[in-house]
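Step one of this worksheet: look at the structure below.
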Amino acid sequence: MLIGYLYLRRDSYLYRIRNEVSDWRYERNKKKFEVYVNVRDEQLMPLIEEIHAESAGTYGARRITRALRRKGVDVARCTVERLMAELDIEGVIRGRRRRTTISEPSAVERIISREGTAAR
């Protein structure tokens with residue numbers, strides 16, 4: 001109700017009590033939520049591996065998410081991305097992969113053995 005909300009200011013006693021109760025409820029239910037997430041992950045991992053194998057390793061997180069939804073499993077793409085990273089699987093990447101600097105052990109030795117003077 002609007003009147004009750006207007007009287008519930010940050011410095012009021014009721015505001016502090018409400019936050020303490022919500023913190024208590026959060027702590028109480030946090031373990032239940034973690035257990036639920038772990039059980040759900042254990043259920044989703046084999047499905048993700050199965051779909052990835054059926055696609056011959058070509059499906060990425062977006063396509064696997066859509067395939068799961070077609071099978072009737074409601075799952076978020078970020079969850080599929082996280083589980084694919086845990087399973088160490090990825091889809092085919094279009095185009096060239098970006099390459100960052102590749103360290104070469106012999107290059108390190110050459111750089112260290114350089115002298116600090118310039119040749120004339």
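Among 92, 108, which is the only one that is of a type in the set (Val, Ile, Thr) and either assigned to a loop (DSSP other than H, G, I, E, B) or modelled with pLDDT of 85 or more (or both)?
92
Select from region 47-66 the residues that are among the hydrophobic types (A, V, I, L, M, F, W, C) and part of a helix (DSSP H, G or I) and list them in ascending order. Steps first, please.
The initial filter retains those residues of region 47-66 that are among the hydrophobic types (A, V, I, L, M, F, W, C), namely 47-48, 51, 53, 56, 61, 64.
Those that are among the hydrophobic types (A, V, I, L, M, F, W, C) and part of a helix (DSSP H, G or I): 47, 48, 51, 53, 61, 64.
For (1) farther than 20 Å from residue 94 by Cβ; (2) surrounded by 17 or more Cβ atoms within 10 Å (Cβ to Cβ), each residue gets a yes or a no:
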| site | (1), (2) |
| --- | --- |
| 28 | yes, no |
| 51 | no, yes |
| 58 | no, no |
| 66 | no, no |
| 72 | yes, no |
| 81 | no, no |
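Output the residues belonging to region 39-49 that are in contact (Cβ under 8 Å) with a residue 40 or more places away in the chain and either exposed (fewer than 12 other Cβ atoms within 10 Å of the Cβ) or farther than 20 Å from residue 92 by Cα (or both).
Residue satisfying the conditions is 41 alone.
The values are calculated or read from the model by the stated rules, or taken from the named source; none is laboratory data. Everything numeric in this text was worked out from a predicted model, so none of it was measured. Positions of Cβ are backbone-derived with ideal geometry, glycine not excepted, and every protein chain shown enters the neighbour counts.
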